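The values are calculated or read from the model by the stated rules, or taken from the named source; none is laboratory data. These figures come from a predicted structure and were not determined experimentally. Positions of Cβ are generated from backbone atoms using ideal geometry, with glycine treated the same way; all protein chains shown enter the neighbour counts.
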Amino acid sequence: MKIKEHTDLSRLCIHTITTKPWNIEEAAKNYAAAGVKGITVWRDALEGRNIKQTGNLLREHDLTIVSLCRGGFFADKDAGKRKLAMDDNRKAIEEAADLGTPMIVLVCGADPSQPLEESRKQIHDGIAAIIPDASAAGVKLAIEPLHPMYADTRSAINTLAQANDMAEALHSAWVGVAVDVYHLWWDPQLEQEIKRCGNNEHLLAFHICDWKTPTRDLLFDRGLMGEGCIPVKQIRSWVEAAGFNGFNEVEIFSNTFWKEDQAEFLKKIIKAYRERS
C-alpha cells in the first residue's frame, strides 16, 4: 500500500514540551507563523497564567488546542498519595476545560514497591473515579501506554493491548487511547491493536518522533522523524486505516534539540514531518 505524503501542515501539531525553551506565547506565535495548525499544551507551560486567556490567545493564532498533557499517575501503594493524584487529575480536567481542549493525555503511573497488577487495578479505579468529572467538563481521557522501560515508576500500562483492555473495561465514551510511536513501535501486535481501538472508536491521539540508535538517554534523547529506526510512515498508515483523521503530534524530549536555536529546530520539525512521517 502506498503511504500518502503530507502535502500541507493542516494536521501537524507540536507539543509545547518539544520546543521547551520557548514559553507558550513564543511557541504560539512561531508555530502559527510557520503554518502549524495544532498545539498540545503541557501543564508546566500554563504556570502563572490565566488559563482561559491563554486558550483564547492560542485560538487567536488559529491554533487548534489538541490536548493537555498530562494527567495520570494513579498508582501508588500509599493511599494518601493516590488521593493527591486524584485531586490533581480533577484539577487537570478543570484546566483542560478552561483552556478549551477536548482531551487530556494520561501517563498512568506505577509503583515499584507493589506488583504491576496492583498498579493496573489502581489505574483502572482511578480513571473510573474521574469519568464523571471528565464527562461534566466535556473532556476525554486518553490512556497512553508507555514503553516497558518505564514500567517501574511511570506507567504500568505498557502495550496497546493493555490500554485497549482497560478502555474496553471502563466502557465509557469519555475514555480512549493515545498511540505514541516511541512507546509502541517494537510491539509485534501493534497493527492488530491499532485496528482494534479503531473498531471500538477508542483511538484519540497519535504522537510521533523517532528512536535514535544508539539512544544516549532513555527519556531525553528522542529523535526527529527519520533519524532513527521507527517506521513512522507505516504506523501512520495503520492509524489512518483504522479511521483516525486527527492531528499528527510531534512530541520530542531532547536535551540536544533544546540547546539549539528553536527557530531552526522548528524548521527541522516541519521538514521531517513533510518528508519522513
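Structure notes:
- Here the condition is being β-branched (Val, Ile, Thr), without any contact (Cβ under 8 Å) to a residue 60 or more places away in the chain and touching a helix residue (DSSP H, G or I) at 6+ places or on another chain (Cβ under 9 Å); of ILE208, ILE194, it holds for ILE194 alone.
- Taken over segment 37-63, residues that are among the polar types (S, T, N, Q) and either over 21 Å from the mean Cα position of the chain (by Cα) or more than 20 Å from GLU251 (Cβ to Cβ) (or both) amount to 3.
- Test set (1) out of contact with any helix residue (DSSP H, G or I) (no Cβ under 7 Å at 6 or more places or on another chain); (2) more than 20 Å from GLY176 (Cβ to Cβ); (3) touching a residue at least 12 places away in the same chain (Cβ under 8 Å) - GLU144 fails condition number: (2)
- Only one of the numbered conditions (1) acidic (Asp, Glu); (2) closer than 18 Å to MET103 by Cβ; (3) touching a Lys or Arg at 6+ places or on another chain (Cβ under 9 Å) is violated by ASP180, and that is (3).
- Only helices (runs of 4 or more DSSP H) whose full extent lies in segment 144-211 are considered here, and the ones with at least 3 residues that are at pLDDT 95 or above and farther than 21 Å from VAL232 by Cα are 160-170.
- Subset tally (residues that are within 18 Å of GLU5 (Cβ to Cβ), buried (at least 19 other Cβ atoms within 10 Å of the Cβ) and either free of Cβ contacts under 8 Å to residues at least 40 places away in the same chain or of a type in the set (Phe, Trp, Tyr) (or both)) for segment 259-277: 1
- Selection within segment 34-57 - of a type outside the set (S, T, N, Q) and under 19 Å from ASN89 (Cβ atoms): VAL41, TRP42, ARG43, ASP44, ALA45, LEU46, GLU47, ILE51
- Boolean, SER113 is outside any helix (DSSP H, G or I), crowded, with 20+ Cβ neighbours inside 10 Å and not acidic (Asp, Glu): no
- When ALA151, ALA128, ALA156 are checked against the criterion of being surrounded by fewer than 18 Cβ atoms within 10 Å (Cβ to Cβ), more than 21 Å from GLU94 (Cβ to Cβ) and touching a Leu at 6+ places or on another chain (Cβ under 8 Å), ALA151 stands alone in meeting it.
- Restricted to helices (runs of 4 or more DSSP H) entirely inside segment 228-277, those with at least 1 residues that are within 20 Å of SER67 (Cβ to Cβ) and of a type in the set (A, V, I, L, M) are 232-241, 262-276.
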